[in-house]
Amino acid sequence: MKKTSFLLGIMLCCSLGSFSQGEIRLSLNDALNLAQKQSLQALLNKYSYMADYWAYRSYLADMLPAVSLRANPLVYSNASELRYNWETQSDEYVRTENLLSDLNLSITQKVAATGGAFSIQSELGRVENFGKNSYTQYSSRPFRLGYQQQLFGYNDLKWQRKIEPLEFEKAKKDYLQSSETMNLTAIRYFFSLINASIQLEMAKTNLENSDKLLVVAQRRFELGTVTREELLDLRLANNNARISVQEWEMYQREAKESLLNLLMLPLDIELDIVIPDELPVHEVDPQLVLQKALENNPEMLELELNILQQQSNVDRANRARHFQADVSLSYGLSKDDGSYLGSGTLGEVYRPEFDTYKQVAVGINIPILDWGRNKGRYEMARSQLEIAQVAASQSLQQFKQNAITRAVAFNIQKSRVESAALSDTLANESYELTMTRFSSGQADVLRLTSSQKAKDSARLQYISTLSDYWINLYTLRQMT
């Protein structure tokens with residue numbers, strides 16, 4: 001078994017080694033899939049969503065009945081305590097020694113509509129006193145029903161019930177949007193490498209052509225058909241072409257390493273980049289884009305949540321200005337057994353003929369004089385709410401306009417790409433003809449240089465337009 005595992009380990013290492021030193025043919029879809037599966041940003045997006053998911057699960061669990069068991073098995077005390085002596089009508093220290101035990105089982109249910117909480121409890125206590133009159137006493141409350149409620153106060157549970165589901169819905173949409181943001185990052189890195197590779201390819205081609213033309217120009221200079229100034233210009237262009245090759249080799253390496261780091265691939269892999277010439281989407285409906293953006297973009301929920309938060313703050317500040325009361329009600333059964341006259345038994349405290357247990361507590365809070373502090377907080381909260389509502393209206397209007405504008409702008413991307421591709425083809429053919437004419441003495445250096453610049457510019461413009469198409473496409477996906 002160990003031998004088999006060892007051989008498998010060697011095979012795995014060999015396969016990884018050959019993979020890391022090989023070449024990968026990488027299309028745009030391949031890059032997007034790798035970015036979503038194994039990039040660090042994709043992992044961070046997942047963990048961020050899971051944190052929001054468990055926060056929402058905690059909220060849901062908090063609204064369910066909570067069952068808890070509290071116990072103090074042993075509490076031993078041997079100390080002097082201050083007690084009142086009825087015979088002498090004075091306080092005096094008395095040495096006591098006892099052993100206490102208690103057990104409490106409770107079930108609590110919050111009520112979001114009112115902000116209160118119901119509770120059901122069952123308690124059992126035992127005390128064993130030592131000394132001259134040693135005895136054991138038991139006390140039970142088999143059943144106690146209680147309810148706590150804040151009257152006229154701020155109901156935090158009611159606002160949580162409105163806000164928490166929207167927070168989780170926003171978290172889900174944020175996760176989907178972050179995936180599209182990850183796609184946009186991968187597209188930019190992908191086309192950055194394409195641009196650097198094409199720049200390097202053009203620099204090498206220009207250097208190769210410059211070497212050939214320099215030989216032709218030297219021959220024509222000897223024949224007197226090229227001036228010395230034109231020959232020097234070609235030598236300068238040849239030297240600049242060599243410098244350009246060195247620079248773009250460095251830029252291309254940096255762009256490749258950036259893409260490999262994003263995709264979590266070994267840096268020694270050679271990439272064969274496939275230019276995405278096929279356009280999957282030619283036109284979109286601006287109204288449909290707007291509809292989907294309003295339905296799915298988390299920014300809409302962000303605006304709604306901001307207004308809800310401000311409304312919650314207004315409610316809190318408003319209720320703090322007025323009369324408030326806390327009410328606590330409880331009813332149950334209780335029974336004790338045992339005293340200094342004789343020890344009790346555990347079974348006795350659970351036999352019928354229980355005593356009833358009742359408790360009512362009311363607490364009030366009336367602000368009398370606060371020098372306008374609560375009123376100021378209320379007015380400030382109202383102002384913040386009005387600001388949030390105006391800002392939400394403005395943001396919504398800008399969002400709608402931006403969605404329509406991006407959809408309309410995308411619809412002309414296809415024609416821009418086609419025009420740029422045609423310009424690239426024409427400029428390349430023109431340069432080939434100009435080179436031929438220069439070799440035969442029918443074109444001068446100025447015309448040749450101008451044609452070369454036009455060719456390079458058209459090629460780069462095509463790649464830039466193609467990049468704009470894909471970025472605009474995935475920006476629409478991110479928005480909707």
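All of the numbers you see were taken from the coordinates with simple rules; none came from a lab. It should be emphasised that the depicted structure is a prediction, and the values quoted were computed from it without experimental measurement. Glycine also receives a Cβ, built like all others from the backbone with ideal geometry; neighbour counts cover every protein chain displayed.
Helix 373-410 versus the longest principal axis of the chain: what angle, 0 to 90°, nearest 10, using Cα atoms?
30 degrees
What aspartates and glutamates sit close enough to LYS212 to cross-link, taking a C-alpha to C-alpha distance under 19 Å and skipping anything fewer than 8 places away on the same chain?
Answer for LYS212, where 19 Å is the Cα cut-off: GLU201, GLU222, GLU229, GLU230, ASP233, GLU429, GLU432, ASP444, ASP456, listed by chain and number.
Only one of the listed values, [x] -0.39, -0.65; [y] -0.73, -0.92; [z] -0.45, -0.68, was derived from the coordinates as log10 I(q)/I(0) by the Debye sum over Cα atoms at q = 0.07, 0.09 Å⁻¹; which label is it?
[y]
Whole-Hz ³J(HN,Hα) for each residue in region 34-45, computed from phi via Karplus 6.51 cos²θ - 1.76 cosθ + 1.60 with θ = phi - 60°, x for glycine and proline: what do you get?
Result, ordered by residue: 5, 4, 6, 8, 9, 6, 5, 5, 5, 5, 5, 4 Hz.
Computed FRET efficiency, Cβ-Cβ of ASP326 and ASP268, R0 51 Å: what is it to the nearest 0.05? Walk me through the intermediate numbers first.
Details: r = 70 Å, r/R0 = 1.37.
Calculated transfer efficiency: 0.15.
Collect residues whose amide H, placed 1.01 Å from N in the peptide plane, falls under 5 Å from the amide H of THR227; neighbours closer than 5 in sequence don't count.
The answer is none.
Just tell me which lysines come within less than 17 Å, Cα to Cα, of LYS170; anything on the same chain fewer than 8 places away is out.
Those lysines meeting the cut-off are LYS46, LYS162, LYS292.
Quick check: net charge around ALA255, other residues with Cβ under 12 Å of its Cβ, Lys/Arg +1 and Asp/Glu -1?
Around ALA255, the charge tally is 0.
Using 0.36 nm times the number of residues separating SER119 and TRP371, minus their current alpha carbon distance, what extension gain do you get?
Extending this stretch completely gives an extra 86.8 nm.
Could you tell me which residue out of LEU259, SER330, ALA241 lies farthest along the dipole of region 241-330 toward its positive end? Charges go on the beta carbon: Lys and Arg +1, Asp and Glu -1, centred on the Cα centre.
Value computed over the given set: SER330.
What ³J(HN,Hα) values, in whole Hz, does the Karplus curve 6.51 cos²θ - 1.76 cosθ + 1.60 give for region 180-192 when θ = phi - 60°, with x put for Gly and Pro?
So the Karplus estimates, Gly and Pro as x, are 5, 5, 4, 4, 4, 4, 5, 5, 5, 5, 4, 6, 5 Hz.
Under 16 Å Cα-Cα from LYS375, which aspartates and glutamates qualify once same-chain neighbours fewer than 8 residues away are excluded?
ASP315
Return the subset of LYS110/LYS173; LYS204/LYS455; LYS110/LYS358 for which the Cα-Cα distance in this structure is over 19 Å, preserving the input order.
LYS110/LYS173; LYS110/LYS358
Report, to the nearest 10°, how far helix 413-439 tilts away from the longest principal axis of the Cα atoms in the chain, using its own Cα long axis and a range of 0 to 90°.
The helix 413-439 is inclined about 30 degrees to the chain.
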